[in-house]
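The values are calculated or read from the model by the stated rules, or taken from the named source; none is laboratory data. If you're wondering where the values come from, they're calculated on a predicted model, not measured in any experiment. When we count neighbours, we look across all protein chains shown, and the Cβ atoms used for this are built from the backbone with ideal geometry, even at glycine. Heavy atoms of the whole protein, side chains included, go into the accessibility calculation; ligands, DNA and RNA do not. Shrake-Rupley method; radii C 1.70, N 1.55, O 1.52, S 1.80 Å.
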Amino acid sequence: MHIPDGYLGPITYGGLWAAVAPVWYTAAKRVKTTLKAAQVPLLALSSAFSFVIMMFNVPIPGGTTGHATGATLVAILLGPWSAVIAISITIVVQAFIFGDGGITAIGANCFNMAFADVIMGYGIYKLIRGSSPTTSKRTVISGAIGAYAGITIGAFLTGVELGIQPYLYKGPDGRPLYSPFPLSIAVPAMVIEYAVVFGIIEAVITALVLIYLQRSNPELIRG
Amino acid sequence: MLQIKMEIPEWLIERQTPAQLAVRQPKEGFADKTLRHVLSFIKGTLFNEGISSKKGFMQHIEPRVKALSLIGLIVVLSFLKDARAISLFLVLSIILYLYSRIPIMLYLKKLMPVVLVTIFISLPAALNLIVKGDAVFTLFSLSRDYTIGPWYIQKEIALTRQGIHSVLMLNLRVLTSISLAMLIALTTKPESMVKAISSLLPGPFNLIVSISYRYIFFLLKRVEQSIMALKSRSLGRISTKGQQRWVASRMGFLFSLSYRLSEDLYKAMEARGYKGETKVIDIFRITAMDIIWSVFCIIFSAVILWKFSS
């Protein structure tokens, strides 16, 4: 879901930087008021954890593999605002230190993955889970549904951001100057890919990790 | 006296042709893929560290000046609508790679994956199915025009002039942007880059970035050890469900480990006087070279914007 540099025009990536800035501000403010000194290392290690789980190849039927982002999972384990910070840091570190993912597109990537995916995924998880106990099946199922919905919403937003480029930026002869695919192609391409393959991977992995933690360390499921 | 007849079984003596050996090669599984991914990441980072230690031009620029100037160039580049202007930025980036003593093969190896993906994704845009315009080459004809939902398919499927230009423009823009962005990662020691990012962030987020970077490698090492352990004790194929369970259990384990480590780390920090306040020790010094480079970037961008906006 990472958008590289060059696909989005300045109004779009600038707008998404502006859109994600208040999210970071709110997340930083909320985390700072609740974050005790003892939790700083936890947030740092969770950011490293987010980075590492994106590197796992998850097997899918048919012999191929895919990747999970773990956004909803991190939100369930850390709380949504801490997850926004942890995943944003992961995206920034990936872009600057490892040269992976766009720099001008950091705002867009954080908006889609660290904000929309996390908040929607976690919101749906909380809504379905209600007040059921940590070790219940309902917690696992709501985690899976939240993860599926979160990543699919993130993919939808990525499709919209890419799909509006041909309408916003055209040369004098009508040629698109950035991503050339209109909304009617970019949105279905992104949503179908994530709804059919990556969303299912995300849901399965979130559910299985929650089952593992329910058995081994249920106290870690705090969200 | 008991005599043991030592005979090598025939199947062991039988010579296998390269074709037979090739057939018996097991398919790369999820564990191998993850291991390859992890190892190539660690190897790549170590290799980048070697490149960033070379005595080249960009290596001498102060990390924050370098990051901000290159981001500035990428932003200016994103405003350009003329392929010739973008090409000048590409030429500048190649010159910077040469003067930074970065091997050209490494440059190509780093850029190729993203460029190939962009070519693959963007190629259909050359057709009139995506970008309407003046047909330059008809590929094939259908019996009539079709409208399926929001999609309109013309009778004649052709490459258009506007479509081809659009594909070339996107690829050139992506290639040039990545070429400039990669200079930051390749010519800056990771520790210096972490420090540069940290110095721009408020506390305690500066501390979070620097701890996070250090522990990425620690956790990756644990992933590598887990995969090696799995490989050494597995025979035959594990079912997809079993593989997924294993991946999930490793992720769960990594989180538990991160949690435990964070507690130990806090105790260690507390023992060294940490009370929640953080301060990044600024070891960076702006030199005349940094100022000359920054002025050059501003003049270069201004000239190109002025020349190609008219």
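Some notes on this structure:
- Sole residue being under 17 Å from B:LEU186 (Cβ atoms), in a helix (DSSP H, G or I) and without any contact (Cβ under 8 Å) to a residue 40 or more places away in the chain, chosen from B:LEU92, B:LEU98: B:LEU98
- Which listed residue is within 8 Å of another protein chain (Cβ to nearest Cβ) and either in a helix (DSSP H, G or I) or open to solvent by 50 Å² or more (accessible area, probe 1.4 Å) (or both), from B:LEU261, B:LEU235: B:LEU261
- For the stretch A:99-122, the set of residues classified as open to solvent by less than 40 Å² (accessible area, probe 1.4 Å) and without any contact (Cβ under 8 Å) to a residue 40 or more places away in the chain consists of A:GLY99 only.
- The number of residues in the stretch B:193-232 being part of a helix (DSSP H, G or I), open to solvent by less than 30 Å² (accessible area, probe 1.4 Å) and in contact with an Asp or Glu (Cβ under 9 Å, 6 or more places away or on another chain) comes to 4.
To keep it simple, each residue is scored yes or no on (1) open to solvent by less than 50 Å² (accessible area, probe 1.4 Å); (2) within 12 Å of chain B (Cβ to nearest Cβ); (3) of a type in the set (Phe, Trp, Tyr).
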residue	(1), (2), (3)
A:GLY171	yes, yes, no
A:TYR178	yes, yes, yes
A:PHE181	yes, yes, yes
A:ALA186	yes, yes, no
A:ILE192	no, no, no
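- Checked against (1) surrounded by fewer than 19 Cβ atoms within 10 Å (Cβ to Cβ); (2) without any contact (Cβ under 8 Å) to a residue 60 or more places away in the chain, A:ALA203 meets all criteria but (1).
- Qualifying positions in the stretch A:136-153 - away from chain B (no Cβ under 14 Å) and open to solvent by 10 Å² or more (accessible area, probe 1.4 Å): A:SER136, A:LYS137, A:ARG138, A:ILE141, A:ILE145, A:TYR148, A:ALA149, A:THR152, A:ILE153
- A:PHE156 within 24 Å of A:GLY15 (Cβ to Cβ), open to solvent by 20 Å² or more (accessible area, probe 1.4 Å) and touching a residue at least 12 places away in the same chain (Cβ under 8 Å): yes
- Residues that are basic (Lys, Arg) and within 13 Å of chain A (Cβ to nearest Cβ), drawn from the stretch B:85-141: B:LYS109, B:LYS110, B:LYS132
- Among (1) part of a helix (DSSP H, G or I); (2) surrounded by fewer than 17 Cβ atoms within 10 Å (Cβ to Cβ) - the single one A:LEU213 does not satisfy: (2)
- All of B:ILE227, B:ILE286, B:ILE299, B:ILE291 fail the test of being away from chain A (no Cβ under 13 Å) and touching a residue at least 60 places away in the same chain (Cβ under 8 Å), apart from B:ILE286.
- Single unsatisfied condition, A:TYR125 versus (1) at pLDDT 95 or above; (2) open to solvent by 40 Å² or more (accessible area, probe 1.4 Å): (2)
- Pairing each residue of the stretch A:31-55 that is outside any helix (DSSP H, G or I) with any residue that is modelled with pLDDT of 80 or more and open to solvent by 10 Å² or more (accessible area, probe 1.4 Å), provided the two are 6+ apart or on different chains, yields C-beta distances under 7 Å for A:MET54/A:THR69; A:MET55/B:HIS37; A:MET55/B:PHE41.
- Residue that is most open to solvent (accessible area, probe 1.4 Å), among those in the stretch A:38-58 that are more than 7 Å from chain B (Cβ to nearest Cβ) and under 16 Å from B:ALA248 (Cα atoms): A:MET54
- Residue in the stretch B:40-49 that is modelled with pLDDT under 80 and either aromatic (Phe, Trp, Tyr) or more than 20 Å from the chain's Cα centre (by Cα) (or both) present: yes
- Of the residues making up the stretch B:107-146, those that are aliphatic (A, V, I, L, M), over 18 Å from A:GLY101 (Cβ atoms), without any contact (Cβ under 8 Å) to a residue 40 or more places away in the chain and not in a loop (DSSP other than H, G, I, E, B) are B:LEU108, B:LEU127, B:ALA135, B:VAL136, B:LEU139.
- Residue ID - modelled with the highest pLDDT, chosen from residues in the stretch A:49-103 that are closer than 19 Å to B:PHE253 by Cβ and over 15 Å from the mean Cα position of the chain (by Cα): A:PHE56
- Scanning the stretch B:182-202 for residues that are among the β-branched types (Val, Ile, Thr) and either at the interface with chain A (Cβ under 10 Å from one of its Cβ atoms) or free of Cβ contacts under 8 Å to residues at least 40 places away in the same chain (or both) yields B:ILE184, B:THR188, B:VAL194, B:ILE197.
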